[in-house]
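Remarks on the structure that follows.
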Amino acid sequence: MPESIDKAPRHDDAMGWSATAISYRRGEVDPPHYHLEGQLLFATTGVMLVETADRRWVIPPQRALWIPPLMIHSYRLLSRTELRAVYVSRSLLSECDEFTHSNRVHIINASPLVKELIAGLFSAEYNASTERKMALLLMEIICEAPSAATELPVPMDQRLFRAIRELMLSQRWGASLTDVADIANMSERTFSRLFLRDTGFSFRTWKQRARIYASLDLLSEGVPVKQIAWQLGFSCPAAFSASFRAVMGVAPGEF
């Protein structure tokens, strides 16, 4: 990654945390940077593609991503996104004795309690002492939460990545193997072989999962299932619901 900068908001050790709320348009990019503090990224709406030196994650609204202090990262917005970022100082992290994996990037499920605590840190209803306790409780919950499965592996090969980035940004869900292989400037056979090696999925299976991930953003905004099925290129709402259950383990209305 290119040279990075420290973009962390300033807060003193007594407070131990700070936060920012940012609205992004589809396709915007936050270039490589790092923070002195640990960072919890959470989108109330929208889907992010987050990248570090050796990994990429697709983060829908129902997930949160923990990024350790000094970890260089960047992200691209795959849809209109309302981002909430909570920054936690090392002094506050040191109070979380059980947070044994605080030094690695990982995804957690954003439970209702996690969402409420994040929302509370952006509210003006509480005094500084209460807010700090809320931030500490949030860290305690995160340290107990199991890492969520990535579920949508993103290829690290730059040619493959260019192709699937174009697919996701432009919502070209009807794109064929021929289409994406052309974007990657390789034969279908080579694309298929490298894609399976890089992600563990065939392109067809991966695209099905990518459509389900895209649906999470639409579901979070209250878009009807019938409209989502049509928008993402499913033959009917029943086909979408069946695919959703196969990937997520529950029906769309239960997620």
task: Determine the order of Arg26, Arg132, Arg211, Arg197 by accessible area, beginning with the largest, at a probe radius of 1.4 Å.
output: Arg197, Arg26, Arg132, Arg211
- prompt: How large is the charge dipole for the chain, taken about the Cα centre, if only the Cβ atoms of Lys, Arg (+1) and Asp, Glu (-1) carry charge, to the nearest 20 debye?
  reply: 1100 debye
- request: Using only Cα atoms, tell me the angle between helix 203-220 and the longest principal axis of the chain; keep it within 0 to 90° and round to the nearest 10.
  value: 50 degrees
Estimated inter-spin distance, Thr45 and Ser91, nm [label 7 Å along Cα→Cβ]: 3.8 nm
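Which value, in Å³ per residue, describes the convex hull spanned by the Cα atoms of the stretch 42-155? Present the calculation step by step, with values, prior to reporting the outcome.
Working: hull volume 11.9 nm³, N = 114.
Enclosed volume per residue, from the Cα hull, is 104 Å³.
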field: Euclidean distance of C-alpha centroids, the stretch 229-248 and the stretch 4-68, integer Å
entry: 30 Å
field: Where Thr190, Thr199 fall by accessible area, highest first, once all protein chains stay in place (1.4 Å)
entry: Thr190, Thr199
- prompt: What is the gain in length, in nm to one decimal, between Ala246 and Gln231 on full extension, counting 0.36 nm per residue of separation less the C-alpha to C-alpha distance?
  reply: 3.5 nm
- request: Starting from the Kirkwood radius over alpha-carbon pairs of the stretch 122-255, derive D by Stokes-Einstein at 37 °C in a medium of 0.692 mPa s and give it in µm² s⁻¹.
  value: 190 µm²/s
task: Show Ser235, Ser176 ordered by accessible area, largest first, where the area counts protein heavy atoms only and the probe is 1.4 Å.
output: Ser235, Ser176
Solvent-accessible area, 1.4 Å probe, carbon plus sulfur percent, for the chain: 51 percent
message: If you consider only alpha-carbon coordinates, what radius of gyration and Dmax does the chain have, in Å?
response: 19.0, 60
field: the stretch 198-212 versus the stretch 146-196: alpha-carbon centroid distance in Å
entry: 8 Å
- prompt: Hey, what's the chain come to in accessible area per residue, 1.4 Å probe, Å²?
  reply: 47 Å²
Nearby lysines by direct alpha-carbon distance to Lys115 (threshold 24 angstrom, same-chain neighbours under 8 apart not counted): Lys7, Lys133
- prompt: Full extension from Leu194 to Met156: what is 0.36 nm times the residue separation minus their Cα-Cα distance, to one decimal in nm?
  reply: 12.7 nm
- request: Determine how large the accessible area of Arg55 is when every protein chain is in place; take a 1.4 Å probe and give Å² rounded to the nearest 10.
  value: 100 Å²
- request: Enumerate the aspartates and glutamates that Lys207 could reach by cross-link, defined here as Cα to Cα under 20 Å, with residues fewer than 8 away along the same chain left out.
  value: Glu51, Glu151, Asp157, Glu166, Asp179, Asp182, Glu188, Asp198, Asp217
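The values are calculated or read from the model by the stated rules, or taken from the named source; none is laboratory data. What you are looking at is a predicted structure, and each value in this text was computed from that prediction instead of being measured. Please note: Cβ atoms are built from the backbone with ideal geometry, for glycine as well, and neighbour counts cover all protein chains shown. Each accessible area value is taken on the protein alone, full model and side chains, heavy atoms only, with ligands, DNA and RNA left out. Shrake-Rupley method; radii C 1.70, N 1.55, O 1.52, S 1.80 Å.
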